[in-house]
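Data first, discussion second: the structure below is written as structure tokens.
Just so it is clear, none of the values below were taken in a lab; they were calculated from the coordinates. As the structure is a computational prediction, the values presented were derived from the model and not from experiment. Here the Cβ positions follow ideal geometry from the backbone for every residue, glycine too, while neighbour counts run over all protein chains shown.
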Amino acid sequence: MAVNLTPQYHEAEAEYRKAQSAEDKLTALKKMWVELPKHKASEKVQAELKRKMSDLREEIEQDKKSPKKGVSYKIPRQGAGQVIIVGGANAGKSCLLSKLTRATPAVAPYPFTTHEPTPGMMDWEDVKVQLIDTPPITADYLEPYLSSMVRNADVALLLIDIGDDDGPFGAEPVIEKLGERKTVLVGQVPENDEDPTLVHLRTLLVANKSDLPGANDRLEIVKEMYGQRFPIHVIAAEPGTGLPELRHEIFKSLEVIRVYTKKPGKPADKTSPYTLPIGSTVVDLATQVHRELGESLKTAKVWGTGVFDGQAVPRDHVLHDKDIVELHA
Ligand SMILES: Nc1nc2c(ncn2[C@@H]2O[C@H](COP(=O)(O)OP(=O)(O)OP(=O)(O)O)[C@@H](O)[C@H]2O)c(=O)[nH]1
Ligand SMILES: [Mg+2]
């Protein structure tokens, strides 16, 4: 079968040949990518374009970095937790961020659109969770700073494109590349880390573009490949299918509780809860409110789970989601 190339493809190719700078070459290659018919006969050309785009991206990044070596993106943690979105090129990572938060990253129908990590805050009930969109990870490309960003996050979303035959196979390079940097994506973090140099990161596998033809068949492949390793959530980010459920799963995956504080004789402050790891005690809450309060705390009263309303509890009382606490120094 021949690859029928459009006149626009040839025009873009001519632009590519004339281009002097890496940026202009990349722009022309992106146009070629959009114009290229995506079927079996064009697989070689697709691979070649992807490789060239990847090489150029690396070149541009390196050029940017050479004046100030060791550029890193430190995104200060905000909200109830930090969740990093990773995946192969074109999986829909930026689209997902734009649907779950008010961030506006570039979304485009060709790979290697995102060059820099972008944060956004996701609302879930009365808390906010920080999400970070990232550049793609492929077999031959991993931004140098990305593995440490992943290690620092609380949870990863590993996005897979089930709208495309190559999609299900885009996850393995992500897992491998991060694994080479001792960053291990896992469904459940092991209780005892045998190798202390490894960082295990709780990961939800998110199968995206379920609205496209053939997605169900590819989902079966994904389940066979990863069903034992990760919890799988099926969404279509663009039309918004499955997103309310995903928000809930993201919050649950952080394994935190929300606790409201109140002053004696006053109603609880319900505007912004404190968030603490599951299993946290009254002292942990007091320390988060103010370090000194953690030390001076004598007793507390709790309204919520497993207590009578306003029951006095000791410092080591374990709190539950949505408890209301009055702290007494
Ligand atoms: N049909 C469909 N298209 C989607 C869906 N989600 C994303 N897309 C499209 O997929 C393309 C890629 O989306 P992006 O969000 O740019 O993908 P990305 O993973 O950020 O890509 P890179 O930054 O290049 O790694 C865009 O054209 C999106 O509109 C979906 O659920 N269904
Ligand atoms: Mg992107």
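Pairs linking a residue in the stretch 98-119 that is of a type in the set (D, E, K, R) to a residue that is assigned to a loop (DSSP other than H, G, I, E, B) and within 8 Å of ligand 1 (Cβ to nearest atom), with Cβ atoms under 8 Å and 6 or more positions apart or on different chains, are Lys99/Ala237; Lys99/Glu238; Glu116/Pro135.
Looking only at the stretch 89-101, residues that are near ligand 1 (Cβ under 7 Å from one of its atoms) and either polar (S, T, N, Q) or in a loop (DSSP other than H, G, I, E, B) (or both) come to 5 in all.
Residue by residue, here is whether (1) surrounded by 20 or more Cβ atoms within 10 Å (Cβ to Cβ); (2) within 15 Å of ligand 1 (Cβ to nearest atom) holds:
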{"position": "Glu116", "(1), (2)": "no, yes"}
{"position": "Arg151", "(1), (2)": "no, no"}
{"position": "Gly163", "(1), (2)": "yes, yes"}
{"position": "Thr183", "(1), (2)": "yes, no"}
{"position": "Leu205", "(1), (2)": "yes, yes"}
{"position": "Asp211", "(1), (2)": "no, yes"}
{"position": "Gly227", "(1), (2)": "no, no"}
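Close Cβ contacts (under 6 Å, 6 or more residues apart or on different chains) running from residues in the stretch 217-236 that are farther than 14 Å from Glu172 by Cβ and free of Cβ contacts under 8 Å to residues at least 40 places away in the same chain to residues that are hydrophobic (A, V, I, L, M, F, W, C) and not in a strand (DSSP E or B) comprise His233/Leu246. Looking across the stretch 235-258, the residues that are under 14 Å from Lys128 (Cα atoms) and among the β-branched types (Val, Ile, Thr) come down to Ile250, Val256, Ile257. Could you say whether any residue in the stretch 120-129 is aliphatic (A, V, I, L, M), free of Cβ contacts under 8 Å to residues at least 60 places away in the same chain, surrounded by fewer than 21 Cβ atoms within 10 Å (Cβ to Cβ) and part of a loop (DSSP other than H, G, I, E, B)? The answer is no; no qualifying residue exists. Note on the stretch 74-120: residues that are near ligand 2 (Cβ under 10 Å from one of its atoms), polar (S, T, N, Q) and out of contact with any Gly (no Cβ under 9 Å at 6 or more places or on another chain) total 4.
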